[in-house]
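Visitor: So that we are looking at the same thing, I have put the structure below in structure tokens.
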Amino acid sequence: MKAALYYPWIYLKSGAERTIAALVAHSRHDWTLYTNRYERDATFPELRAARIVEMPQVSVRRSVHHVADAAWRIARQRLPLQDERALLVVCEGLGDFITLRNRSIPAACLCLTPLRAAFDPHYQAGYLSTHRHALARRVVLAGLAATFRVADRVAWRRYGCALAISEEVEARIRRGRLRPGRGDVEVVRPGVDTRALEPLWEYEPYFLLPGRIMWTKNLQLGIRAFQVMITRHPELSRMRLVIAGFVDEKSGPYLAELQRMAADVAGISFVVSPSDQELFALYRSAYAVVCTAFNEDWGLVPLEAMALGKPVVAVDRGGLRETVKHGDTGLLVPPEPEAFAESLAALASAPDRVRSLGRAGHAHAQAHDVRTFVRQVDDRVEQLAQTPHERPSEARHTNEPSRVASGRRV
């Protein structure tokens, strides 16, 4: 079956792009990907073989002006749909608005999260704590978030099927009244390629903090925790902290801030924008993996770590509670430097426990193979395509230019 997938920005190495790449690679359907920004060399190479139609670009910046402009452009554009029988919108907020002018085929939502600035109080608190003029920003944010929630509820009425990647995301959908009925949001959890992620069972003396280097990942918590651990437990000075992840242009100042924080702490290093091979080599040799995000939606990082036999120390909040089994595959810890420091020290002092947690985590990860996730999405999209759909009279075409990319841009 031919199907369409829309995601506004395919330009990073993040969980969204990895999920899309896995879906295209393992799906039984024939997908065309529509996006407003495709950067072939900056995202996963697996996507180069995909059929990608690039619409006129929208900004990836997160200022109020740029977000509003992107939302307006997305809401007004029509996709050049041809023979596709269903549209899957991979949603983090703004992508929902593509439904407003693309009604010729049924639409489903694969919700990574509703727009966090409008629906996630932990995100809002983190944003306000890391920016100046918090009071003024709070007033502006509250007003814009309320306006966005109203508009987003209109866009969500278009979805014939709603899939959430975690119970945490489902709860945000419910709280935001995007899908008020019961039983009409299904949780389908993204997984990892367990066949490709084989552990070496090696544990070198460093903690790995992987993932995108951006402020929502709260990486300063990891730096402060490591500093507290070394100060309180000088006998653990052999341990190191490696921060590894992709950095896009808008996160450059955040990386610089982290590097300044770490400059006076021995044992902290950064690996910026590693390849998959480099990143998974770091995973395979790490002692344990650390996850510090404010309020993770689901979190592929813990699953990748566990598939490779590594215990995880993670913030006790959000989707991380669904991936990490406290005391069995890792530790869930309050988002405070002292608490994290003591958890890291406890593992650093107990190598036998680390190996035991690693073995349990490896077994746990096998239940989250990516092929199961893809099959669930395939089934729901196919069922949606088979349901009666009232097509509007508008023609299925667009007057907007587009570029088709398959391996390269054309």
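The values are calculated or read from the model by the stated rules, or taken from the named source; none is laboratory data. Only a predicted model underlies this, so the values are computations on that prediction, with no experimental measurement involved. No Cβ is skipped: glycine too gets one built from the backbone with ideal geometry, and neighbour counts run over all protein chains shown.
Visitor: Going through region 324-344 one residue at a time, which ones are of a type in the set (Gly, Ala, Ser) and either crowded, with 21+ Cβ neighbours inside 10 Å or closer than 21 Å to Ala360 by Cβ (or both)?
Guide: Passing the criteria: Gly327, Gly330, Ala341, Ser343.
Visitor: Another question about this same structure. Check off (1) surrounded by 20 or more Cβ atoms within 10 Å (Cβ to Cβ); (2) touching a Leu at 6+ places or on another chain (Cβ under 7 Å); (3) not charged (D, E, K, R) for Ala118 and give me the number that stays unchecked.
Guide: (2)
Listed here are the residues, each with its yes/no results for (1) more than 21 Å from the chain's Cα centre (by Cα); (2) surrounded by fewer than 24 Cβ atoms within 10 Å (Cβ to Cβ); (3) in the same structural domain as Thr231 (by TED's automatic domain parsing); (4) of a type in the set (Lys, Arg).
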residue: Gly299; (1), (2), (3), (4): no, no, yes, no
residue: Gly318; (1), (2), (3), (4): no, no, yes, no
residue: Glu322; (1), (2), (3), (4): no, yes, yes, no
residue: Arg355; (1), (2), (3), (4): yes, yes, yes, yes
residue: Glu382; (1), (2), (3), (4): yes, yes, no, no
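Visitor: Kindly indicate whether any position in region 182-205 is under 23 Å from the mean Cα position of the chain (by Cα), closer than 30 Å to Pro311 by Cα and among the aromatic types (Phe, Trp, Tyr).
Guide: no
Visitor: From Val381, Val410, Val370, which residue is of a type in the set (A, V, I, L, M), more than 26 Å from Met229 (Cβ to Cβ) and at pLDDT below 95?
Guide: Val410
Visitor: Hey, among Arg85, Arg76, which residue is farther than 29 Å from Glu296 by Cβ and free of Cβ contacts under 8 Å to residues at least 60 places away in the same chain?
Guide: Matching residue, one of Arg85, Arg76: Arg76.
Visitor: Which residue, of Ala155, Ala162, is touching an Asp or Glu at 6+ places or on another chain (Cβ under 8 Å), in a strand (DSSP E or B) and of a type in the set (Gly, Ala, Ser)?
Guide: None of the others qualify; the one that does is Ala162.
Visitor: Could you check region 15-31 and list, in sequence order, the residues that are of a type in the set (S, T, N, Q) and surrounded by fewer than 22 Cβ atoms within 10 Å (Cβ to Cβ)?
Guide: Residue satisfying the conditions is Ser27 alone.
Visitor: How many residues are among the charged types (D, E, K, R) and surrounded by fewer than 22 Cβ atoms within 10 Å (Cβ to Cβ) when one looks only at region 269-297?
Guide: 3
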